[in-house]
Amino acid sequence: MRKVFRLMQNRDRGYALLCLFLVAGQIWFDLTMPDFMSDITKLIVMPDSPMREIFIAGAKMLGCALGSAALTVIVGFFAARLASNFSFTIREKVFQRVTDFGAEEMKRFSTASLITRTTNDITQIQMLVAMGLQVMIKAPIMAVWAVLKIVGKSWELSLITAAAVVLILAVILLIIRLVMPKFRIIQRQIDDVNRVTRENLTGLRIVRAFNAEDYQEHKFEEANQNLMSTQLYTSRHMAVMMPVISMVMSGLSLAIYWVGAYLINGIPLTDPAFAMQRVSFFSEIVVFSSYAVYVVMSFMMMVMIFMMLPRAQVSAQRIAEVLDTVPHVKEGKGAVPGEKGSISFEHVSFRYQDASEDTLTDISFEAKQGETVAFIGATGSGKSTLVSLAARLYDATQGRILLDGQDIRDYTFDELYDRIGYVAQKATLFSGTVKENLTFGDRGDKMEEKDWHNALQIAQAEDFVADLPEQENAKLSQGATNLSGGQKQRLTIARAIARKPEILIFDDSFSALDYRTDAMLRKRLATDLAGTTCLIVAQRIGTVKNADRIVVLEEGRIVGMGRHEELVKNCDVYREIALSQLSASELEVK
């Protein structure tokens, strides 16, 4: 938790300090009222007491109550403002750190968990800060101040108060010990509920197509039931606190008056001075009872914090895990490229974290400016992993990758991604207009209309965009669910082309296109982007056959490299893939 609270800005620390002084003033008003109550008690009991003095004491007591109420409102205002500012800071830091995460870190933290940490966990911290400034500061100060007020009044009554405090502390510690482990489980179970809900919403069409509503409902019910059971466990135990403390408070008041009555009864009435002593001692008992209640109230306020603190502590640990995670892919200090549009792999091997063997082994090839290098192979052969290394989503375990003659790890992220246009295997578009998606990124403001319009033409997306109700200003829903798979894929291709990168990477990005659109798109790439280097992952022979170089992968190793005609004759793996899609006559195999 300390790690998270270090993120508090100086301005917020100023608000916290101001709240401290305001709370101290509020406590002074609260603890001054019993003194006026004592004066009123003496004046009422004493014969011939002037009403004017009683009214004056009552007015002072009312003034203290109003002052305490006013300060309570002011503290609540500043506490809410500080808590909102603090949660804003944490949310911003977490979002920035997650934005820096690479593919490796995203596998470590699931998407559902990161959403929970950015929302629910930060809300727990915000609630703790808002309540803590009003209660956590007030409770210990009030407890100590009230104890100092009653010290030396009566050892019998002080002993009763101390026994009540010890009993309350024992109950609190016992319950906290029982529920603390459950709070960690609750946050993980919230992750599970988010995961199941997210899976169901994103795959709603598939769920309906397979009549799997009952199956999904069962999954959600199981996750929801587990969360409910754990929350009920913690709530039942926490629910014991308030009744116990209320009972202790009532018992304390009863014990104080009972023992006080016994002590008063022990004072003889043989002398008028003793009678006055009885009156004085009775007023002290009234004041002592008020201060004792304040002591117990302080612990009641602490209980409110203790009910929130364990869960907030777990949330703080989960947030700190995200903030402490250092991305594996680190930004370089900058490179001075000696070429343009070239990329080469030099004996590159790669192994995923915690994997038992390499996914890629000893990969070496070169793509010069303007060349098209295609990668083909069976599912799981490492094609997508290879181009992910070229886009530096991961770093190579061994060997090195040179971009424009410089190690790819030497580039800053801005330098690197200004040179690369990446089209992922899954077409990802953002809510907004078509134009906003095409001009997405740091180059969007500088992009001219002809740039993205030309990109639409090359990607074969111009016709369907022109048919949309508002054309390039047409709104896309979240995930672009109002477009077909092929339309989304063409827009993501156009988005990459519009950036005018030196190197275009297509990670199986033509799979949703029909053969005619695929052929037309590749033709426009060859003519309009002749100087752009292209790395293409594909499954279709027709997509790769015209490439300058085809790299054939099997189980993470290169088993063939060359042009289509060469590989048909010399590479059994490529020949087998080709024959599965084309006839022998089409391949002109003799």
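For the range 94-111, the criterion of being touching a residue at least 24 places away in the same chain (Cβ under 8 Å), under 30 Å from Glu284 (Cα atoms) and assigned by TED's automatic domain parsing to the domain that holds Leu254 is satisfied by no residue at all.
Look at (1) polar (S, T, N, Q); (2) surrounded by fewer than 18 Cβ atoms within 10 Å (Cβ to Cβ); (3) touching a residue at least 12 places away in the same chain (Cβ under 8 Å) and you find that Ser381 fails only one, number (2).
Go over the candidates Val293, Val314, Val329 one by one and state the one that is of a type outside the set (Lys, Arg), in a loop (DSSP other than H, G, I, E, B) and not assigned by TED's automatic domain parsing to the domain that holds Tyr411.
On the way: Val293 fails: in a loop (DSSP other than H, G, I, E, B); Val314 fails: in a loop (DSSP other than H, G, I, E, B).
Unique residue meeting the criteria: Val329.
If you go through the range 326-378 and pick out every residue that is surrounded by fewer than 14 Cβ atoms within 10 Å (Cβ to Cβ), touching a residue at least 40 places away in the same chain (Cβ under 8 Å) and at positive phi, you end up with 2.
Which one of Glu449, Glu502, Glu470 is of a type in the set (Asp, Glu) and surrounded by 19 or more Cβ atoms within 10 Å (Cβ to Cβ)? So that I can check it myself, show each step before the final result.
On the way: Glu449 fails: surrounded by 19 or more Cβ atoms within 10 Å (Cβ to Cβ); Glu470 fails: surrounded by 19 or more Cβ atoms within 10 Å (Cβ to Cβ).
Sole residue among the options that is of a type in the set (Asp, Glu) and surrounded by 19 or more Cβ atoms within 10 Å (Cβ to Cβ): Glu502.
As a summary of the residue check, Asp191 satisfies the conditions (1) among the charged types (D, E, K, R); (2) surrounded by fewer than 16 Cβ atoms within 10 Å (Cβ to Cβ); (3) modelled with pLDDT under 85 except for the one numbered (2). On inspection, Glu199 fails the criterion of being surrounded by 12 or more Cβ atoms within 10 Å (Cβ to Cβ), modelled with pLDDT of 85 or more, in the same structural domain as Ala112 (by TED's automatic domain parsing) and not hydrophobic (A, V, I, L, M, F, W, C).
Screening Gly102 with (1) over 28 Å from Ile40 (Cβ atoms); (2) modelled with pLDDT of 85 or more; (3) touching an Asp or Glu at 6+ places or on another chain (Cβ under 9 Å) gives one miss only, at (2). Within the set Ala223, Ala164, Ala139, the sole residue that is crowded, with 18+ Cβ neighbours inside 10 Å, at pLDDT 85 or above and either within 30 Å of Gly479 (Cα to Cα) or over 25 Å from the mean Cα position of the chain (by Cα) (or both) turns out to be Ala223. When restricted to residues that are in contact (Cβ under 8 Å) with a residue 60 or more places away in the chain and either buried (at least 17 other Cβ atoms within 10 Å of the Cβ) or not assigned by TED's automatic domain parsing to the domain that holds Glu554 (or both), the range 386-407 contains 12. Restricting the first member to the range 534-549 and to residues that are within 13 Å of Lys368 (Cα to Cα), and the second to residues that are assigned to a loop (DSSP other than H, G, I, E, B), the beta-carbon pairs closer than 6 Å and six or more apart or on different chains are Asp548/Glu371.
The values are calculated or read from the model by the stated rules, or taken from the named source; none is laboratory data. Worth saying up front: this structure is predicted, and the values here are computed from it rather than measured. Reconstructed Cβ throughout: ideal geometry from the backbone, glycine too, with neighbour counts over all protein chains shown.
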